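Report on one structure; see the data block that follows.
The values are calculated or read from the model by the stated rules, or taken from the named source; none is laboratory data. Quick caveat, the model's predicted, so the values are computed rather than measured. Quick reminder, even Gly has a Cβ in these numbers, built from the backbone with ideal geometry, and neighbours come from all protein chains shown. For accessibility, only protein heavy atoms count, side chains too; no ligands or nucleic acids. Shrake-Rupley method; radii C 1.70, N 1.55, O 1.52, S 1.80 Å.
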Amino acid sequence: MGSSPGAGAIVLISGGMDSAVALYSAMRKYDCKALIFDYGQKSRREIAFARELAKRAGVEYHVLKIDMPWKGSALLDEAVAVPDDGASSDGRIPATYVPARNMIFLSFGVSFAEAAGAEAVFIGAHQMDFSNYPDCRSEFLDAFGEMVKKGTKAGVERGSVNIVAPLINMTKKEIVEEGIRLGVPFELTWSCYAGGERPCGRCESCVFREKAFRDMGVKDPVSGT
């Protein structure tokens, strides 16, 4: 379903619940293609979940492998442990921050959008219940959008590729609520950073997710809590 004939959007999906809700939000207005990143993350399961989510949604998807040999994050470096919940409660940026990740991902998304003639790139970033990542804030996304206007053919010739973050001011509870309203198959999403066969229940991502489902009064179909 498109906002106009041929209107398209590229949606960055990670396998997590936020990007899943962003995908289903985008599908209400656009013909979507999904972009999945294999960037050497410990949690390999999220890639498989992202693939299955795209298949369920019926959208074309591409898995892009990126090599980040410099590591710099607990999500990439086997020698650095994924911290337990509360890692960002003191206002600091936690060890799970991946250097410039959203900047890199959005750049690939914009390149894909230009090549495909798409109008927008969707990302599931939000700045309410989040881990103090600087590249999840509206200030960053607005600045990136301005850069796209000035530094791309689309920006010069046809008004740019829009950067859309439909969840930016939602809490995790509100994201779950919106996902339920949109019919998001949360059983096909994976949030845990630890890289195990089951959610660890201890990392900050697991804690945020579990609290969101609990606050909504519904069970998480992945963890069962």
Report summary line: In degrees, nearest 10, the alpha-carbon axis of helix 172-182 is tilted away from the dominant principal axis of the alpha carbons of the chain by 60 degrees
Query raised in the report: Using 7 Å Cα-to-Cβ label points, what is the residue 56/residue 218 separation (nm, one decimal)?
Result: 1.1 nm
Requested in this report: Evaluate the distance, in nm, between pseudo-label points positioned 7 Å from the Cα of residue 182 and of residue 100 along their respective Cα→Cβ axes.
Outcome: 2.9 nm
Requested in this report: Could you pull out every residue, at least 5 positions away or on a different chain, whose amide H is within less than 5 Å of the one on residue 38? Hs are placed 1.01 Å off N in the peptide plane, and Pro or chain starts have none.
Outcome: 64, 65, 66
Requested in this report: Report, in whole Å, the centroid distance computed from the Cα atoms of the stretch 25-47 and the stretch 144-164.
Outcome: 22 Å
Query - Accessible area in square angstrom per residue, the chain, 1.4 angstrom probe - result: 47 Å²
Requested in this report: Work out the count of Lys pairs in the chain where the Cα-Cα distance is under 24 Å, with the pair 8 or more places apart or on different chains.
Outcome: 21
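Expressed as a rounded percentage, what relative contact order does the stretch 75-207 have, with Cα pairs under 8 Å and six or more residues apart?
Relative contact order of the stretch 75-207: 28 percent.
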Query raised in the report: Taking H as built 1.01 Å from N, whose amide H comes closer than 5 Å to the amide H of residue 161, not counting residues under 5 places away?
Result: 155
**Report entry** Heavy-atom accessible surface of the chain: percent carbon and sulfur, 1.4 Å
**Finding:** 51 percent
Requested in this report: Before anything else, pin down the relative contact order of the chain: Cα pairs under 8 Å, at least 6 apart, normalised by residue count, whole percent.
Outcome: 24 percent
Requested in this report: List the trypsin sites (Lys or Arg not before Pro) within the stretch 13-73 that fall in a DSSP loop (any state other than H, G, I, E or B) and whose Cβ has at most 14 other Cβ atoms within 10 Å.
Outcome: 28, 44
**Report entry** log₁₀ of I(q)/I(0) at q = 0.14, 0.19 Å⁻¹ - the stretch 1-122, Debye sum with one point per alpha carbon
**Finding:** -0.64, -1.04
Query raised in the report: Based on the Cα coordinates of the chain, what is the per residue volume of their convex hull in Å³?
Result: 113 Å³
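Return a whole-number percent for the relative contact order of the stretch 1-123, with Cα pairs under 8 Å and 6 or more residues apart as the contact set.
Relative contact order here is 31 percent.
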Query raised in the report: For the stretch 11-24, in order, what is each residue's ³J(HN,Hα) by Karplus, 6.51 cos²θ - 1.76 cosθ + 1.60 with θ = phi - 60°, in whole Hz (x at glycine and Pro)?
Result: 10, 7, 10, 10, x, x, 5, 5, 5, 5, 5, 4, 4, 5
